[in-house]
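Following: one structure in structure tokens, then a few remarks.
The values are calculated or read from the model by the stated rules, or taken from the named source; none is laboratory data. Note that the structure is predicted; figures quoted are calculated from it, not measured. Backbone-built Cβ (ideal geometry, glycine too); neighbour counts: all protein chains shown.
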Amino acid sequence: MSKVVQMTFTDEQYAELKKRAGDQIIQHYLLGREFPKNDFEKWFPELLLRVGEIRNGTKFNIKAVFGTEWINIPKGIKLSLGRVFYQQVNASKVLNVHASERDKAKTQWYIKKEETK
């Protein structure tokens with residue numbers, strides 16, 4: 001079972017944390033510093049690897065990328081994977097992937113496009 005820890009930071013401390021975290025969510029940054037082998041650090045690189053293997057023109061969502069392994073990923077990590085992947089796609093840090101629409105279940109869909117030269 002997971003536990004929630006709440007912390008309060010001054011505005012200056014929070015600004016410094018955001019700066020240090022860069023593209024990461026602050027919670028992941030802090031977890032990564034204390035527990036370098038956490039689940040997010042395991043699954044996010046795997047997500048990027050699998051997305052890289054998707055054929056051009058394919059429409060996909062993160063759950064489909066992981067297939068049956070999806071049930072083994074903790075809910076909080078699933079949510080974080082989705083949030084960070086979406087941010088990375090919108091920042092053009094995931095090459096040749098574009099956000100498509102969200103469906104009625106609020107699942108974000110993506111499409112893998114050909115490289116532009």
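Scanning for something out of contact with any His (no Cβ under 8 Å at 6 or more places or on another chain) and closer than 30 Å to residue 101 by Cα, does segment 6-22 turn up at least one residue?
Going residue by residue through segment 6-22, those that are out of contact with any His (no Cβ under 8 Å at 6 or more places or on another chain) are 6-20, 22.
The next check asks that each one be closer than 30 Å to residue 101 by Cα; those that pass are 18, 22.
Scanning segment 6-22, I find at least one residue that is out of contact with any His (no Cβ under 8 Å at 6 or more places or on another chain) and closer than 30 Å to residue 101 by Cα, so the answer is yes.
Step by step: first the residues of segment 39-71, then only those that are in contact (Cβ under 8 Å) with a residue 40 or more places away in the chain and basic (Lys, Arg), then the one that is nearest to residue 85 (Cα to Cα). Which residue is that?
Looking at residues that are in contact (Cβ under 8 Å) with a residue 40 or more places away in the chain and basic (Lys, Arg), I get 63.
Please verify whether residue 77 is modelled with pLDDT under 90 and either in contact with a helix residue (DSSP H, G or I) (Cβ under 8 Å, 6 or more places away or on another chain) or surrounded by 15 or more Cβ atoms within 10 Å (Cβ to Cβ) (or both), treating the condition exactly as stated.
yes
Check 109, 70 and return the single one that is among the aromatic types (Phe, Trp, Tyr), surrounded by fewer than 17 Cβ atoms within 10 Å (Cβ to Cβ) and either within 26 Å of residue 21 (Cβ to Cβ) or out of contact with any Asp or Glu (no Cβ under 8 Å at 6 or more places or on another chain) (or both).
Within the list 109, 70, the selection yields 70.
Just to be sure I understand the filter: pairs with C-beta atoms under 9 Å, separated by 6 or more residues or on different chains, first member in segment 89-103 and over 21 Å from residue 53 (Cβ atoms) and among the charged types (D, E, K, R), second member at pLDDT 95 or above and surrounded by 12 or more Cβ atoms within 10 Å (Cβ to Cβ). Which pairs pass?
101/108; 101/109; 102/108; 102/109; 103/61; 103/109
Being more than 30 Å from residue 15 (Cβ to Cβ) and among the polar types (S, T, N, Q) is true for just one of 56, 90. Which residue is that?
On inspection, the qualifying residue turns out to be 56.
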